[in-house]
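The values are calculated or read from the model by the stated rules, or taken from the named source; none is laboratory data. Treat the numbers as computed from the prediction; the structure is a model and nothing was measured. All Cβ positions, even for glycine, are placed from backbone atoms using ideal geometry, and neighbour counts span all protein chains on display. Just the protein is used for accessible areas: all its heavy atoms, side chains included, with ligands, DNA and RNA removed. Shrake-Rupley method; radii C 1.70, N 1.55, O 1.52, S 1.80 Å.
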Amino acid sequence: MAPRDPDVCRRRVPGRRPDYRGAGNSSRPRSDYGLTSDPRVTELPRGGYDKRSMAEDIHLLLHDHLGLTSPAFVMGHDLGGQLATAYAFRYPDDTRAMGYGEAPLPGTEVHDRMKNDPTLFHFSFHKVFDLPEALTAGREHWYLQHFYDKLGYKPTAVDTEHFARAYREPGAMRAGFDLYRAFDQDAADTRAAIEDNGKLKMPCLGLYGQMSLFSAVTEEMGLEVAEDVTAESVPESGHWIAEENPEALVEIVTRFDRTKFGAK
């Protein structure tokens, strides 16, 4: 379990804009140590970047720090979608709706199929202990640009240097890789949650880019973890839906909220 410290997911910059642990200028706690099959690390503790622990960070931010008193519509893109799903499983009474998009959810058959897709080679690469850090050091811009080019419909919509600057900070790339190193635990947590309490009951919105490889699996994947799933395509977009077509994204999310809850 993550330490109960609201500052763990708070940016230490004016305005205190939050990033989840390991991202931006948030804290980068360290206790994930690569593949469990690595003979150097089998006896070392694991945890920290599993999405269930990270969900506590978000819950603390919303309820203890910001003072939220009603259930939230929790939504995430890419690995943030995994975090949003974990949040909804851990805090169902504090989640009125959940949104996920553009990443396979560990613990689903879709994830098991997709994790060996050559396009997603980084799922395996990032789980190796130390090597990804060594090979990407000083090459953060080039490495990130590979994914923006490969997975985007409008890759220039993403400000690569903005993210590269953040990932040049000490420990930032390792924290990013640790998100992947926790996938096995994430899968176990999802399966255990479904076994204990069944699928998610709140309305769920699955988003995918019109030109994305997730267009064929987003609804199927969502129905593995939730009972009420609405899948929506973000037009003229690849993987980076928030950057490539923010107007359509906002329209889809607000329409979903209005349809499910009568929000204006």
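Short-range pairs are left out: with C-alpha atoms under 8 Å and at least six residues apart, the relative contact order of the chain is 19 percent. Measure up LYS115/LYS260; LYS127/LYS150; LYS150/LYS260; LYS51/LYS201; LYS115/LYS154; LYS51/LYS127 against 26 Å on the Cα-Cα distance and list the ones that go over. Those over the limit are LYS115/LYS260; LYS150/LYS260.
Could you check how much of the accessible area of the chain is carbon and sulfur, as a whole percent, using a 1.4 Å probe?
Details: 6640 of 12580 Å².
So the carbon and sulfur contribution to the accessible surface is 53 percent.
Distances between placed amide hydrogens fall under 5 Å for ALA231 paired with GLY206, all partners being 5 or more residues away or on another chain.
Per residue, the range 155-263 exposes an accessible area of 46 Å² to a 1.4 Å probe, with every protein chain left in place. Less than 5 angstrom separates the built amide H of PHE73 from those of ARG96, ALA97, all sequence-distant by 5 or more or on a different chain.
What does the charge add up to near LYS199, with Lys and Arg as +1, Asp and Glu as -1, over the other residues with Cβ less than 12 Å from its Cβ?
Values: positive: ARG191, LYS201; negative: GLU195, ASP196, GLU224, GLU227, ASP228.
Result for the neighbourhood of LYS199: -3.
Extension gain, ALA188-LYS154: 0.36 nm per intervening residue step, less the Cα-Cα distance, totals 8.7 nm.
Between LEU68 and HIS63, the built amide H atoms are under 5 Å apart, and every one of these is 5 or more places off in sequence or on another chain.
So, counting K/R as plus one and D/E as minus one, what does the shell of residues with Cβ under 15 Å around GLY107 add up to? Kindly include the intermediate steps, with their values, before the conclusion.
Working: positive: LYS51, ARG52, ARG90, ARG113, LYS115, ARG191, LYS199; negative: ASP50, GLU109, ASP112, ASP184, ASP186, ASP189, GLU195, ASP196, GLU220, GLU224.
Result for the neighbourhood of GLY107: -3.
The calculated 222 nm mean residue ellipticity attributable to helices in the chain amounts to -12000 deg cm²/dmol, summing -39500 (n - 2.57) over DSSP H runs of n ≥ 4 and dividing by all residues. For the range 107-119, the Karplus equation 6.51 cos²θ - 1.76 cosθ + 1.60, evaluated at θ = phi - 60°, returns couplings of x, 10, 5, 4, 4, 4, 6, 7, 5, 9, 5, x, 4 Hz by residue, with Gly and Pro reported as x. Let me know the whole percent of all Cα-Cα pairs from the range 145-228 that are separated by more than 17 Å. Considering the range 145-228, 67 percent of its Cα-Cα pairs are separated by more than 17 Å.
Where does each of HIS126, HIS59, HIS162 land when they are ordered by accessible area, with a 1.4 Å probe and the largest first? Mind showing how you got there, number by number?
Values: HIS126 10, HIS59 30, HIS162 95 Å².
Result of the area sort, largest leading: HIS162, HIS59, HIS126.
Label positions at ASN116 and GLU195, each projected 7 Å from the Cα along the C-beta direction, are separated by 2.3 nm. Of the residues THR230, THR85, ranked by 1.4 Å probe accessible area with the largest first, the sequence reads THR230, THR85.
3J(HN,Hα) along the range 176-184, derived from phi through the Karplus expression 6.51 cos²θ - 1.76 cosθ + 1.60 where θ = phi - 60°, amounts to x, 5, 4, 4, 7, 5, 8, 4, 4 Hz, with x in place of Gly and Pro. Mean sequence separation of contacting Cα pairs (under 8 Å, at least six apart), scaled by the length of the range 104-210, corresponds to a relative contact order of 33 percent. Restricting attention to the chain, close to 0% of DSSP beta bridges with both partner residues there are antiparallel.
In order along the range 144-151, the Karplus-derived 3J(HN,Hα) couplings, from 6.51 cos²θ - 1.76 cosθ + 1.60 at θ = phi - 60°, round to 5, 4, 3, 6, 5, 6, 6, 9 Hz, and Gly and Pro are given as x. Within the shell of other residues whose beta carbon sits under 11 angstrom from the beta carbon of LEU120, the net charge comes to +2, with Lys and Arg scored +1 and Asp and Glu -1.
What FRET efficiency do you get for ASP130 and PHE261 if R0 is 35 Å and r is their Cβ-Cβ distance, rounded to the nearest 0.05? Don't skip to the answer; put the middle values down first.
Values: r = 47 Å, r/R0 = 1.33.
Once rounded, the FRET efficiency stands at 0.15.
Shown here for the range 176-252: trypsin sites (Lys or Arg not before Pro) in loop regions (DSSP other than H, G, I, E, B) with at most 14 other Cβ atoms within 10 Å, namely LYS201. Solvent-accessible surface of the range 56-118, averaged per residue with a 1.4 angstrom probe and all protein chains in place: 37 square angstrom.
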